1. Between residues in the range 52-74 that are under 16 Å from Ser134 (Cα atoms) and free of Cβ contacts under 8 Å to residues at least 24 places away in the same chain and residues that are assigned to a loop (DSSP other than H, G, I, E, B) and among the aliphatic types (A, V, I, L, M), which pairs lie under 6 Å by C-beta distance while being six or more apart or on different chains?
2. Run down Gly133, Gly109, Gly45, Gly120 and say which single residue is without any contact (Cβ under 8 Å) to a residue 60 or more places away in the chain, on the phi > 0 side of the Ramachandran plot and touching a strand residue (DSSP E or B) at 6+ places or on another chain (Cβ under 7 Å).
3. Within the range 130-141, does at least one residue satisfy the condition of being within 21 Å of Ser9 (Cα to Cα) and in a helix (DSSP H, G or I)?
4. Need a quick list: strands (runs of 3 or more DSSP E) entirely within the range 14-92 having at least 3 residues that are crowded, with 22+ Cβ neighbours inside 10 Å.
5. Restricting to the range 159-183, name every residue that is in a loop (DSSP other than H, G, I, E, B), without any contact (Cβ under 8 Å) to a residue 60 or more places away in the chain and under 25 Å from Glu90 (Cβ atoms).
6. Find the residue count for the range 164-180, including only residues that are of a type in the set (Val, Ile, Thr) and either surrounded by fewer than 17 Cβ atoms within 10 Å (Cβ to Cβ) or under 13 Å from Lys200 (Cα atoms) (or both).
Amino acid sequence: MLHSPWVSSIVDHHFLSTPIGAKSIIVDLGAHLGEFSTEISRRFGCRCYGAEPHPVSHSLIRQSELVSVVNCAIAPADAPVRLHLSAYSESHSLRPLPRSGVGSIEVDGLTFQRFMKTCGIDQIDLMKVDMEGSEVELLETLPNDTLDRIDQMTVAFHDFKPEFDLTARVRAALNRLTGLGWLPTCFRAETTQMCCWSIKRNFT
């Protein structure tokens, strides 16, 4: 179990802050308006790379020497994908949205491996994942050697949404990470039923 003061929280994402510093590389998948990247770079002076698929949200992100966000969705293939639009700007998803959907648009899709190459990333100190249901596919398909390049993750799982039917797959993804030596801790988000997991690689 992780305890304060070593745990920091930014927009409901908790992470172990002691390893984070000016030389750290942070990845923000599902950057929305860049709130997480902007704040963590301000606090720690670290370099942040993000992905945000919605073109309007992406255009509103303040990019800087420390914050670079690609306008793309992290997807199973390097090809265009359908982004289903929600009435809530933070909830656009690659999954259909039967309750809150208001249409869809085509956006660029990149695999996570291609995203890393595009950004010139080799090692990741902390990866924040908030992809409105697509976090499960990402964790299911990331090869072990790619996971070995990530020290810590903070993941918002969307199994609380019944239309996504993700409960069993989230459990399986967490069991896989645990079997590979990761230490998961659940933090309940303050504003939704969502459970944000801080997942730290065990180096001992």
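1. Within 6 Å, the pairs are Glu52/Ala31.
2. Unique residue meeting the criteria: Gly133.
3. yes
4. Details: elements: 25-29, 47-51, 67-70, 81-86.
Here the list reads 25-29, 47-51.
5. Asp159, Phe160, Lys161, Pro162, Asp165, Leu166
6. The number of residues fulfilling the criteria is 2.
Here, each number is a calculation from the coordinates, and none is a lab measurement. Fair warning: this is a prediction, and the values are worked out from it, not measured in the lab. Glycine gets a Cβ as well: all are built from the backbone with ideal geometry, and neighbour counts include every protein chain shown.
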